[in-house]
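Encoded as structure tokens, the structure appears first; notes follow it.
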Amino acid sequence: MIQNSFTEENYLKTIHALSGREGVEVSTNALAESTSTRAASVTDMLKKLAEKGLINYKKYQGVTLTEVGEKVALNVIRKHRLWEVFLVEKLGFGWDEVHDIAEELEHIPSDVLVEKLDAFLGHPRFDPHGDPIPDAKGNLLDPDYRLLTDIQIGEKVLMMGVLDHASSFLQHLDRSGITLGSVLEVQDINEYDKSATVQINGERTLFVSLEVSKNLLVQRR
């Protein structure tokens, strides 16, 4: 099996994230912006990935993952999210501290290690941020989540995940008392800026900005 470099794996993971569930074509400019890389450098990498049969690429057109590329991307995602579970549950890291560490650990090229890690953790289905973990065959759950911005006044929902994994955002949620599994009830929505008044677990009430609301994934109770 051909070993892919860290950079190549990161590109495949990024293409997977940008293409979404529908596998839409991803532009070179979108990749450049997402990876903070010059468009010319992105083009060079895409050519390499295409030569390896990991992506479908034609100049001036969008790029998609091949079946092999999709498998590699999902395997990297699987390792990343399993390592995040390990770091939080077994080593006591906060959910705001684990992303960068998992970015390093996800590239360890040992299938035996990742399967033993999965078994050791009890085959978790979600990582500490609520993201589904692909199984060993690359199957990925598609949870029926909605954004908090889609919730109407009076509705009660469970906080299930986040779109923004930035440490500053996760720390803000910690300070606000919003954690995975919290029961959120939207009590009011400000017509001017779409900020919301939200009650947490039937107890304390706080104002949630639009920026926060559009990054919270929730599910009806």
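The values are calculated or read from the model by the stated rules, or taken from the named source; none is laboratory data. Predicted, not measured: the structure shown is a model, and the values here were computed from it. Positions of Cβ are backbone-derived with ideal geometry, glycine not excepted, and every protein chain shown enters the neighbour counts. These accessible areas exclude ligands, DNA and RNA; they are computed on the full protein's heavy atoms, side chains included. Shrake-Rupley method; radii C 1.70, N 1.55, O 1.52, S 1.80 Å.
Any residue at all in region 209-216 that's on the phi < 0 side of the Ramachandran plot, basic (Lys, Arg) and open to solvent by 40 Å² or more (accessible area, probe 1.4 Å)? Looking for residues that are on the phi < 0 side of the Ramachandran plot, basic (Lys, Arg) and open to solvent by 40 Å² or more (accessible area, probe 1.4 Å), one finds at least one in region 209-216, hence yes. Scanning region 135-163 for residues that are more than 17 Å from the chain's Cα centre (by Cα) and not aliphatic (A, V, I, L, M) yields Lys137, Thr149, Asp150, Gln152, Gly154, Glu155, Lys156.
Do we find a residue being within 16 Å of the chain's Cα centre (by Cα) and surrounded by fewer than 20 Cβ atoms within 10 Å (Cβ to Cβ) anywhere in region 61-73? Yes, some residue in region 61-73 is within 16 Å of the chain's Cα centre (by Cα) and surrounded by fewer than 20 Cβ atoms within 10 Å (Cβ to Cβ). Of the residues making up region 29-43, those that are open to solvent by less than 70 Å² (accessible area, probe 1.4 Å) and either under 24 Å from Glu106 (Cβ atoms) or touching a Phe, Trp or Tyr at 6+ places or on another chain (Cβ under 8 Å) (or both) are Ala30, Leu31, Ala32, Ser34, Thr35, Thr37, Ser41, Val42. Just so you know, in region 137-158 the residues that are modelled with pLDDT of 95 or more and touching a helix residue (DSSP H, G or I) at 6+ places or on another chain (Cβ under 8 Å) include one that is farthest from Trp95 (Cα to Cα), and it is Thr149. Just to check your reading of the model, which residue among Pro134, Pro124, Pro128 is touching a helix residue (DSSP H, G or I) at 6+ places or on another chain (Cβ under 9 Å) and more than 18 Å from Val88 (Cβ to Cβ)? Answer to the selection: Pro134. Going through (1) under 28 Å from Leu180 (Cα atoms); (2) out of contact with any helix residue (DSSP H, G or I) (no Cβ under 6 Å at 6 or more places or on another chain); (3) crowded, with 16+ Cβ neighbours inside 10 Å one by one, Leu46 falls short only on (1). Only a single criterion out of (1) within 21 Å of Pro132 (Cβ to Cβ); (2) hydrophobic (A, V, I, L, M, F, W, C); (3) out of contact with any helix residue (DSSP H, G or I) (no Cβ under 6 Å at 6 or more places or on another chain) is not satisfied by Ala40, namely (1).
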